[in-house]
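To keep things clear, I will list the structure first and then write my remarks on it.
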Amino acid sequence: MMLSNEIILRMSGIIKEFSGVRALDDVNLEVRRGEIHVICGENGAGKSTLMNVLSGIYPYGSYEGKIEYLGNLCQFKTIKDSEHVGIAIIHQELALSPFLSVAENIFLGSEIARSGIIDWHATESRAAELLDKVGLDVEPSTLIVDLGVGRQQLVEIAKVLSKEVKLLILDEPTAALNDDDSAHLLNLMRQLRDEGVTMIVISHKLNEIEEIADSITVIRDGQTVATRKMKGDNPVTEDEIIRLMVGRDLTNRYPMHEPTIGKPVIEIEEWNTFNPIDTARAMAKNVSLTVHAGEIVGLAGLMGAGRTELAMSVFGHSYGTNSSGTVKIRGKIVDTSTVPKAIAAGLAYVPEDRKSLGLNLIQDIRRNVTAAALRKVSRGGMVDEHLETDVVEQYREELKIKTSGIASTVSSLSGGNQQKVVLAKWMFTDPEVLILDEPTRGIDVGAKYEIYQIIQQLADKGKAILMISSELPELLGMCDRIYTLCEGRITGCVPKEEASQEKLMQLMTMDEGNDAL
């Protein structure tokens, strides 16, 4: 597709401060008509802040600098002002009402009415047209709560398309999607671009950037570092993007590590758990696995293979029904039937969804870190705030959590720093075993490296690490052994030196008769 050279958006000298902390420092951005322009950078670099300035979420007067759109100087006071000129934003956290229908959500605030009464026939008819446009095959009367995250994302896009959007902003649009939903969304974005919609996409997924971007702008520490073309003459390389994002070369995505592996720490034997709704459906079937002291063991499987279900059922029966089997810690059978008992036995679980299951977003860093082991900072049944502060400050320094102070709310942190808080929370319990479920999901490449270093340091302290990841290169780069799971069953265990993506994928797609599909 030939792109226009017309600059339709120019943001110049944008400065935005929060409580004296400069989040954006003289940021500049130019976007051409009809392109997909990706903004990338580490978590906390200022990407979302910049888009909130553009869309009017941070109103004119709360920032310095100039916004020009379609040749006009813009001074948006509300998000309605930006929508009025054809700019729409879809946030990473979807803004849909779960117990309203798809049609009601699409036209919420822009209802189709006649004589002050909603025209439901016209509403559902127009909603059906928009759903067809985004490739979502559901009835307009379907409740949002009955849709998966990928389909909800498409409803959000249908909603903005109902407003004849000219410039669409998508903030980490595939962060919570599986591979199939991600592929469908990327195809839709290409289709919209070909129909003349200009897009700004916030992303740090390098494969995604390479696949869809026409141009990229890199922001680091609140400043514009560079703008590069992704196609045509002298396109930017993946290695250059990484260097621009993190300010240094990452010649190795995974830190070098020589493990010191000791005796078995956790042994899971003949473990079974069943779907809590469809109680006849086994999510883990006679699973047996072992992790040694100082060892990082991976658990690989396709979506629906039962990885998270297995981990949560072992950790206090947090998932499933009729869970059975044996868990041994250092050779002794332990009771993990409740979360407190699992913690007391030496288990810790860093969940896949840190925001819903791992953190209290409205609490500060201090209380989040100590939440799982308050007794350790309590005296006479009361929390010793001085001791608590000392402990959390130590973790802040050790894990390099970027924050103005431990009294900051967790919701104010970047994704990478939130993940460090979750790790600190479970490290404080002093566990024997850490189960890490997608520990780097939604985290940029620089923060990933820091998380990898923390994981290796925990292993070097003799902890047993069970690491679940959807990214096979991550498992290959980090793990000493990798178990594969298919339809709730262990189908193989591959040592690091024999592992490859092809071999893992073959084992991940084996049926119950152990024949590769």
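The values are calculated or read from the model by the stated rules, or taken from the named source; none is laboratory data. Not measured: the values here are computed from a predicted model. For neighbour counting, all protein chains shown are included, and Cβ atoms are generated from backbone atoms with ideal geometry for every residue, glycine included. These area figures cover heavy atoms from the full protein model, side chains too; ligands, DNA and RNA do not enter into them. Shrake-Rupley method; radii C 1.70, N 1.55, O 1.52, S 1.80 Å.
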request  = Identify, by number, the condition in (1) surrounded by 20 or more Cβ atoms within 10 Å (Cβ to Cβ); (2) at pLDDT 90 or above that S203 doesn't meet.
outcome  = (2)
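When residues of segment 373-390 are filtered for being closer than 18 Å to T429 by Cβ, part of a helix (DSSP H, G or I) and open to solvent by 30 Å² or more (accessible area, probe 1.4 Å), how many remain? Working first, answer last.
Restricting attention to segment 373-390, the residues satisfying the condition of being closer than 18 Å to T429 by Cβ are 373-378, 383-384, 387-388, 390.
This time we only want the ones that are part of a helix (DSSP H, G or I), so: 373-377, 387-388, 390.
When the remaining residues are screened for being open to solvent by 30 Å² or more (accessible area, probe 1.4 Å), the result is 374-376, 387, 390.
Residues flagged as closer than 18 Å to T429 by Cβ, part of a helix (DSSP H, G or I) and open to solvent by 30 Å² or more (accessible area, probe 1.4 Å) within segment 373-390 amount to 5.
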query = Which of the residues spanning segment 392-416 are open to solvent by less than 20 Å² (accessible area, probe 1.4 Å) and in a helix (DSSP H, G or I)?
reply = V392, V410, G415, G416
note = Within segment 138-172, the residues that are at pLDDT 90 or above, assigned to a strand (DSSP E or B) and surrounded by fewer than 21 Cβ atoms within 10 Å (Cβ to Cβ) are L143
ask   = What is the number of the single condition among (1) under 18 Å from L399 (Cα atoms); (2) open to solvent by 40 Å² or more (accessible area, probe 1.4 Å) that D444 does not meet?
value = (2)
key: Tally of residues being in contact with a Leu (Cβ under 9 Å, 6 or more places away or on another chain) and part of a loop (DSSP other than H, G, I, E, B) across segment 109-137   = 3
request  = Check off (1) touching a Gly at 6+ places or on another chain (Cβ under 9 Å); (2) surrounded by 17 or more Cβ atoms within 10 Å (Cβ to Cβ); (3) of a type in the set (V, I, T) for T260 and give me the number that stays unchecked.
outcome  = (2)
key: Set H91, H121: member being open to solvent by 50 Å² or more (accessible area, probe 1.4 Å), on the phi < 0 side of the Ramachandran plot, at pLDDT below 95 and under 27 Å from the mean Cα position of the chain (by Cα)   = H91
query = Taking segment 325-354, which residues are open to solvent by 60 Å² or more (accessible area, probe 1.4 Å) and without any contact (Cβ under 8 Å) to a residue 40 or more places away in the chain?
reply = K332, I333, D335, P340, K341, A344, D353
ask   = What single numbered condition from (1) touching a Pro at 6+ places or on another chain (Cβ under 6 Å); (2) crowded, with 21+ Cβ neighbours inside 10 Å fails to hold for I39?
value = (1)
query = Does segment 173-200 hold any residues that are out of contact with any Ser or Thr (no Cβ under 8 Å at 6 or more places or on another chain), surrounded by 17 or more Cβ atoms within 10 Å (Cβ to Cβ) and not small (G, A, S), and which are they?
reply = L177, H184, L188, M189, L192, R193, V197, T198, M199, I200
query = in contact with a Gly (Cβ under 7 Å, 6 or more places away or on another chain) and either modelled with pLDDT under 95 or outside any helix (DSSP H, G or I) (or both) - does that describe any residue in segment 350-369?
reply = yes
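With the structure loaded, tell me whether A293 is more than 13 Å from G325 (Cα to Cα), open to solvent by 20 Å² or more (accessible area, probe 1.4 Å) and of a type in the set (A, V, I, L, M, F, W, C) or whether it fails that test.
Values: more than 13 Å from G325 (Cα to Cα): yes; open to solvent by 20 Å² or more (accessible area, probe 1.4 Å): no; of a type in the set (A, V, I, L, M, F, W, C): yes.
Considered against the rule, which asks whether it is more than 13 Å from G325 (Cα to Cα), open to solvent by 20 Å² or more (accessible area, probe 1.4 Å) and of a type in the set (A, V, I, L, M, F, W, C), A293 comes out as no.
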key: Candidate set: segment 301-333, residues that are touching a Ser or Thr at 6+ places or on another chain (Cβ under 9 Å), part of a loop (DSSP other than H, G, I, E, B) and not small (G, A, S); chosen: the one nearest to G262 (Cα to Cα)   = F315
